[in-house]
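Asker: Once you've had a glance at the structure underneath, I'll fire off some questions.
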There are 2 protein chains.
Amino acid sequence: MKLEKFVKKSISNVPLYVSGKTIEEIASIYGIEVDNIIRLASNENPLGPSPAALEAAEEALKVSHLYPDPEAKDLCSALKEYMNINSEIVVGNGSDDVLEQIVKIFVEYGNSALIAVPTFSYYSILVKMYGGIPYNIPLKKGKNSFSFDVNSILNSVESKTKLIFICSPNNPTGNSISESELEEILETEKVVVLDEAYKEFSESSMAELTETYSNLVVTGTFSKAFGLAGLRAGYCACNTALKELILKVKQPFNVSFVAQNAALAALKDVEHLERSVKLARNGREYIIKRARGLGLKAYDSQGNFVLIKVEGKPEIVEDLFRKGIIVRGCGSFPGLSEEYFRVSVGLEDENKMFVDSLREIV
Amino acid sequence: MKLEKFVKKSISNVPLYVSGKTIEEIASIYGIEVDNIIRLASNENPLGPSPAALEAAEEALKVSHLYPDPEAKDLCSALKEYMNINSEIVVGNGSDDVLEQIVKIFVEYGNSALIAVPTFSYYSILVKMYGGIPYNIPLKKGKNSFSFDVNSILNSVESKTKLIFICSPNNPTGNSISESELEEILETEKVVVLDEAYKEFSESSMAELTETYSNLVVTGTFSKAFGLAGLRAGYCACNTALKELILKVKQPFNVSFVAQNAALAALKDVEHLERSVKLARNGREYIIKRARGLGLKAYDSQGNFVLIKVEGKPEIVEDLFRKGIIVRGCGSFPGLSEEYFRVSVGLEDENKMFVDSLREIV
């Protein structure tokens with residue numbers, strides 16, 4: 001029998017999420033020793049997790065045979081304190097999980113969502129998966145930076161619009177939204193999903209606005225500045241009604257106790273966080289300056305990554321692979337092309353190796 | 001603004017999943033010391049996880065800052081070997097996650113699913129969440145055991161039926177399906193979800209039939225016999241077409257590397273598995289015999305739990321709570337009532353405490 005004939009229409013149209021190339025892939029394609037490859041492709045924390053988080057994770061392993069707390073109450077309380085807000089917090093298996101619950105609650109056939117692009121491709125995948133149509137609203141491109149086109153977003157809102165996605169700082173362009181821009185969008189009364197996965201690397205967070213706007217949900221993650229991508233912990237700040245909806249539709253035991261306990265400890269290790277943020281901020285300025293020095297367009301960034309344009313020379317990305325430096329080609333980002341790549345900020349010597357290789361190639 | 005007006009119809013009808021009461025809840029309600037409470041409510045492994053699994057988990061923690069392998073290739077290979085099958089394997093954040101992906105792929109408004117009840121309540125919750133209608137097909141109740149009503153299932157199949165859920169051994173009734181019964185159901189050509197979360201405690205698994213029937217998907221978990229409920233790892237065996245669909249709709253990084261690596265090691269610790277299974281088998285026979293000796297109806301079980309009927313005396317469940325013994329009341333299982341409870345097999349002394357308390361109450 002053909003299973004395919006039973007598959008929902010919305011599912012048949014879903015594209016596969018494309019993640020950065022792995023060290024093993026590059027080693028096998030280009031015949032490079034694994035030890036000679038550095039991976040600057042997934043915006044991970046090159047310092048690794050906080051030692052305190054690892055200790056808490058080990059402690060949690062002792063009760064690995066017991067189901068975790070479905071609501072992760074201790075972690076939620078700590079997150080409220082960390083963000084200094086009175087809104088509700090819900091935790092997910094990475095922020096991907098929280099994003100899926102939000103789409104699941106609001107999007108179905110006949111609906112649409114506005115997505116400021118280029119951005120993280122998973123928003124669009126989720127909207128399609130639940131039967132909705134994603135409409136891409138291009139960012140405005142300036143000389144050295146991108147910015148959100150608020151007027152275009154406002155003009156695109158229609159009755160079937162269910163969600164508006166804004167990533168700030170935006171992956172992969174690095175620009176942030178201002179409070180007044182966000183408030184203009186919130187006034188549409190559509191549900192606005194503000195993904196702040198990279199907020200720790202920027203100057204500010206808008207999570208406090210969830211106290212005022214019931215149509216705002218702000219997501220965050222432990223995968224970036226906190227260096228816990230492998231453990232899977234993300235969260236959102238929102239109002240009580242949305243929290244209760246998410247608790248109903250999420251998998252009951254979605255966040256492992258190891259992730260809950262490690263995240264809790266990571267929040268308290270302020271020193272490790274500050275060191276991680278400082279490394280990313282210094283590294284991005286170094287990369288931007290050197291790339292511009294080589295005559296390339298490198299965009300300002302509030303994240304732990306830099307978007308670089310190699311006009312007319314898309315082969316540079318593969319040349320970097322060949323030298324054992326894995327960056328993220330941007331051909332799969334709507335609004336970008338093979339002429340762009342994103343490089344994650346690494347350790348100081350990794351950033352230097354990247355810049356040196358880029359110089360040799362250019 | 002009222003967020004609720006934007007919520008999908010299917011979501012408004014979803015009931016909250018009810019899990020077993022926690023030690024903290026019972027301690028606070030009945031004023032009992034936490035140390036004087038034993039919890040036999042969630043079919044966890046009382047021996048805890050395999051030491052080899054814990055060691056592998058600790059090893060995995062060292063790379064907690066890196067995203068895990070989205071396909072969990074090493075774990076999938078090991079699972080094929082463990083089950084001795086050539087079908088495909090897909091891994092999830094617990095089997096709850098795999099179950100959700102299957103429902104997501106097939107169920108939408110206008111569809112329905114057949115569910116052999118009483119059983120694990122999450123199937124019904126998922127079907128409702130995706131807009132489908134769950135039809136409960138009652139098990140047949142014998143003197144000492146339940147059995148699947150295959151004829152009733154076959155007679156209930158209609159064109160809008162998208163999925164048929166069978167849990168075997170069934171939670172909470174303990175009975176298993178035979179190969180010939182399953183094959184009769186598979187001949188309907190509907191997609192059949194066979195949840196084998198408890199298969200290690202029984203005599204057999206039907207996963208091999210996924211090699212023959214493309215409409216069969218068999219789920220399994222590391223939360224029960226392997227004692228890794230807190231880490232979140234489950235899986236399914238299925239054909240290639242379904243595997244590719246699940247990979248498209250699941251969250252890309254759904255299973256932490258800690259869970260992947262611990263599960264891999266757990267599969268290899270045959271001794272711990274055998275000890276866990278033996279404890280459960282001996283314990284369930286002990287509990288059944290003693291409960292019957294007290295004049296109660298205790299059903300035969302192929303799982304690590306026993307279903308007990310306390311005819312006309314539903315207050316017995318609360319009496320057990322009062323004595324610090326947490327069992328799972330079955331009022332929320334369709335087809336059962338407050339007159340039933342499920343007790344998970346614990347350590348030998350816990351089983352004895354349970355039986356002694358039951359004797360005092362009865």
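The values are calculated or read from the model by the stated rules, or taken from the named source; none is laboratory data. Quick caveat: nothing in here was measured; it's all calculated off a predicted structure. With ideal geometry, Cβ positions are generated from the backbone for all residues, glycine too; neighbour counts draw on all protein chains shown. SASA here: full protein model, heavy atoms, side chains in, ligands and nucleic acids out. Shrake-Rupley method; radii C 1.70, N 1.55, O 1.52, S 1.80 Å.
Asker: Residue check, B:S176 against (1) within 14 Å of another protein chain (Cβ to nearest Cβ); (2) hydroxyl-bearing (S, T, Y); (3) open to solvent by 20 Å² or more (accessible area, probe 1.4 Å), all met but one. Which one?
Answerer: (1)
Asker: Any idea how many residues of the range A:101-123 are part of a helix (DSSP H, G or I), more than 8 Å from chain B (Cβ to nearest Cβ) and among the hydrophobic types (A, V, I, L, M, F, W, C)?
Answerer: Counting residues in the range A:101-123 that are part of a helix (DSSP H, G or I), more than 8 Å from chain B (Cβ to nearest Cβ) and among the hydrophobic types (A, V, I, L, M, F, W, C) gives 2.
Asker: Assuming B:N136 fulfils every condition listed in (1) in a strand (DSSP E or B); (2) in contact with a Lys or Arg (Cβ under 9 Å, 6 or more places away or on another chain); (3) not hydrophobic (A, V, I, L, M, F, W, C) apart from one, which condition is it?
Answerer: For B:N136, the exception is condition (2).
Asker: Hey, another quick one. Could we say that A:E25 is surrounded by fewer than 19 Cβ atoms within 10 Å (Cβ to Cβ), more than 23 Å from A:P169 (Cβ to Cβ) and more than 8 Å from every other protein chain (Cβ to nearest Cβ) here?
Answerer: Answer is yes for this residue.
Asker: Filter the range A:330-351 for residues that are touching a helix residue (DSSP H, G or I) at 6+ places or on another chain (Cβ under 8 Å), open to solvent by 10 Å² or more (accessible area, probe 1.4 Å) and not in a loop (DSSP other than H, G, I, E, B) and give the result.
Answerer: A:E348
Asker: Taking only the range B:186-196 into account, find how many residues are open to solvent by less than 10 Å² (accessible area, probe 1.4 Å) and either among the polar types (S, T, N, Q) or within 14 Å of chain A (Cβ to nearest Cβ) (or both).
Answerer: Adding up the residues that qualify gives 4.
Asker: Hey, another quick one. Output the residue which, of all residues in the range A:52-87 that are without any contact (Cβ under 8 Å) to a residue 12 or more places away in the chain and not in a helix (DSSP H, G or I), is nearest to the other protein chains (Cβ to nearest Cβ).
Answerer: For the range A:52-87, the residue satisfying everything is A:H65.
Asker: Going by the conditions given, is A:F354 closer than 20 Å to A:S42 by Cβ, among the aromatic types (F, W, Y) and part of a helix (DSSP H, G or I)?
Answerer: yes
Asker: When the residues of the range A:28-61 are narrowed to those that are closer than 26 Å to B:R232 by Cβ and of a type in the set (S, T, Y), which ends up surrounded by the fewest Cβ atoms within 10 Å (Cβ to Cβ)?
Answerer: Going through the qualifying residues, I end up with A:S42.
Asker: Here's another thing I want to ask about it. So, of the residues in the range A:1-13 that are within 13 Å of B:N111 (Cβ to Cβ) and either of a type in the set (F, W, Y) or loosely packed, with under 11 Cβ neighbours inside 10 Å (or both), which turns out to be farthest from the other protein chains (Cβ to nearest Cβ)?
Answerer: This residue is A:K9.
Asker: Another question, then. If the requirement is being closer than 22 Å to B:A233 by Cα and open to solvent by less than 30 Å² (accessible area, probe 1.4 Å), which of these qualifies: A:L267, A:L231?
Answerer: Just a single option satisfies the conditions, and that option is A:L231.
Asker: Run down A:V127, A:V98, A:V90 and say which single residue is part of a strand (DSSP E or B), at pLDDT 95 or above and open to solvent by less than 10 Å² (accessible area, probe 1.4 Å).
Answerer: Only one candidate passes the filter, namely A:V90.
Asker: Return the residue satisfying two criteria in turn: it lies in the range B:245-256 and is part of a helix (DSSP H, G or I) and among the hydrophobic types (A, V, I, L, M, F, W, C), and of such residues it is farthest from the other protein chains (Cβ to nearest Cβ).
Answerer: B:I246
Asker: Assess whether B:S214 counts as being in a loop (DSSP other than H, G, I, E, B), surrounded by fewer than 24 Cβ atoms within 10 Å (Cβ to Cβ), assigned by TED's automatic domain parsing to the domain that holds B:V90 and not aromatic (F, W, Y).
Answerer: yes
Asker: I would also like to ask the following. Assuming B:S204 fulfils every condition listed in (1) open to solvent by 20 Å² or more (accessible area, probe 1.4 Å); (2) under 30 Å from B:D356 (Cβ atoms) apart from one, which condition is it?
Answerer: Checking B:S204 against (1) open to solvent by 20 Å² or more (accessible area, probe 1.4 Å); (2) under 30 Å from B:D356 (Cβ atoms), the one that fails is (2).
Asker: Here's a follow-up. Is there any pair with a first residue in the range B:20-38 that is in the same structural domain as B:S357 (by TED's automatic domain parsing) and a second that is open to solvent by 80 Å² or more (accessible area, probe 1.4 Å) and part of a helix (DSSP H, G or I) whose Cβ atoms are under 7 Å apart and which are 6 or more apart or on different chains, and what are they?
Answerer: Listed pairs, sorted by first residue: B:Y30/B:R322; B:I38/B:M353.
Asker: Would you point out which residue out of B:T161, B:T173 is touching a Lys or Arg at 6+ places or on another chain (Cβ under 7 Å) and at negative phi?
Answerer: B:T161
Asker: A further question follows. Kindly establish whether B:V157 is within 14 Å of chain A (Cβ to nearest Cβ) and either open to solvent by 20 Å² or more (accessible area, probe 1.4 Å) or not aliphatic (A, V, I, L, M) (or both).
Answerer: yes
Asker: Scan (1) part of a helix (DSSP H, G or I); (2) at pLDDT below 95 for the single condition A:S204 breaks and write down its number.
Answerer: The failed condition is (1).
Asker: Which of the numbered conditions does B:L16 fail, given that it passes all the others? Conditions: (1) open to solvent by 40 Å² or more (accessible area, probe 1.4 Å); (2) in contact (Cβ under 8 Å) with a residue 24 or more places away in the chain; (3) within 9 Å of chain A (Cβ to nearest Cβ); (4) within 26 Å of the chain's Cα centre (by Cα).
Answerer: (2)
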